[in-house]
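Comments concern the structure below.
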Amino acid sequence: MKKSYILFALLVVSFSSCFKLDSQLFNNLKCTQYLLDNYTGTQDFILDNSYKIPDSLIHIFTLQSREPSESNATQIYAIYIGDISKIATDTVIMYCHGNKWNMDFYWQRAKLLANTGNKNQYGVLMVDYRGYGMSSGTPTEDGMYADVDAALQWLNNKGLSNSRLMIYGFSLGSVPATMLTAHPRTMTPAKLILEAPFASSATLVNDATQLDLPPSYVTTFKIDNADEIKLVNQPFMWMHGLSDTFLNWQTNGLVVYNNYQGIYKEKHLIPGADHGEIPVKDGFVQYSSDLYAFIKR
């Protein structure tokens, strides 16, 4: 019976499009405007009014993103929280969001980061990857790297130094965050923060199918955070929920953490937290305190 099941599973995988898993990874949602605090869709959490960002510190703008292999640039949207005129002397968190929907869904997270340690403590920049929100184009793995690097180019042009750049990757966002720390293009992040990261596309396939299959059978992704992290020397902070049902902490985050060989690392395993629940289950105060201590150390 077991042999028959495995043969059936192999047949299903073999005749399925390899883009099926890719389409699940990019769970993007288009929009015609960003609603931010007026967004009423499902969210992981909603902060109280003490975390509100003044309108003067919210900047929505476009960037031109282009992979070296592309002849034409793609227009993507970005949101910066902070005083743009002070970027050169601020500490800025480049936030790489997850696979879900668009920046409206992650607005509460961006506000929480901006208020880490104190009210409006840090600048925070995030982008909608191509195909997400109001950004043009179609999402791709290489496109993600180009999109985040376009944001880093903008920060670099505003005078931000490498020593003041923190990069934070949540879930799918762990991929560009790790890649651009291991293989810097425009800027070299000073520190890397990963929340619920992927280990690799191979691990994702194996977890999903319970079979030891080549990832190329079901995805074009070449994600390998577990290998790329070996090239990261900067201080590294890892957070993962112990009840994460989407990206198991042992087969994903722990592998990345154990493979890190740099100068400093710390882990925060949050009991009872499923995917996306870490700030809530850890508590906003504790979550912010841990982040602040890591950034300031």
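The numbers here are math on the coordinates, done by the rules we state, and not lab data. Source: prediction; values computed, not measured. Because the Cβ atoms are built from the backbone with ideal geometry, glycine has one as well, and the counts that use them run over all protein chains shown.
A few notes on this one:
- Length gained on full extension, Arg66 to Thr89, computed as 0.36 nm times the residue gap minus the Cα-Cα distance: 5.5 nm.
- Chain lengthening between Ala73 and Arg185 when straightened (0.36 nm per residue, less Cα-Cα): 38.6 nm
- Of the options [x] -0.25, -0.42, -0.75, -1.55; [y] -0.34, -0.54, -0.89, -1.57; [z] -0.34, -0.54, -0.85, -1.30, only one is log10 I(q)/I(0) by the Debye sum over Cα atoms at q = 0.07, 0.09, 0.12, 0.17 Å⁻¹ as computed from these coordinates, and that is [x].
- If you take all other residues with their beta carbon under 12 Å from the beta carbon of His268, and give Lys and Arg +1 and Asp and Glu -1, the sum is -1.
- Note on Tyr34, Tyr260: ascending count of other Cβ atoms within 10 Å places them as Tyr34, Tyr260, the fewest first.
- Charge dipole (Cα centre; +1 on Lys/Arg Cβ, -1 on Asp/Glu Cβ; no other charges) of segment 18-296 amounts to roughly 600 debye.
- Each Cα pair under 8 Å and six or more residues apart adds its sequence gap; the mean of these over the residue count of segment 18-296 is a relative contact order of 17 percent.
- Subset of Lys86/Lys267; Lys158/Lys267; Lys111/Lys267; Lys52/Lys222; Lys191/Lys222; Lys230/Lys281 violating a 28 Å alpha-carbon distance limit: Lys86/Lys267; Lys158/Lys267; Lys52/Lys222; Lys230/Lys281
- Report note on the peptides 251-258, 155-162: ranked by the mean count of other C-beta atoms within 10 Å, highest first, their order is 251-258, 155-162.
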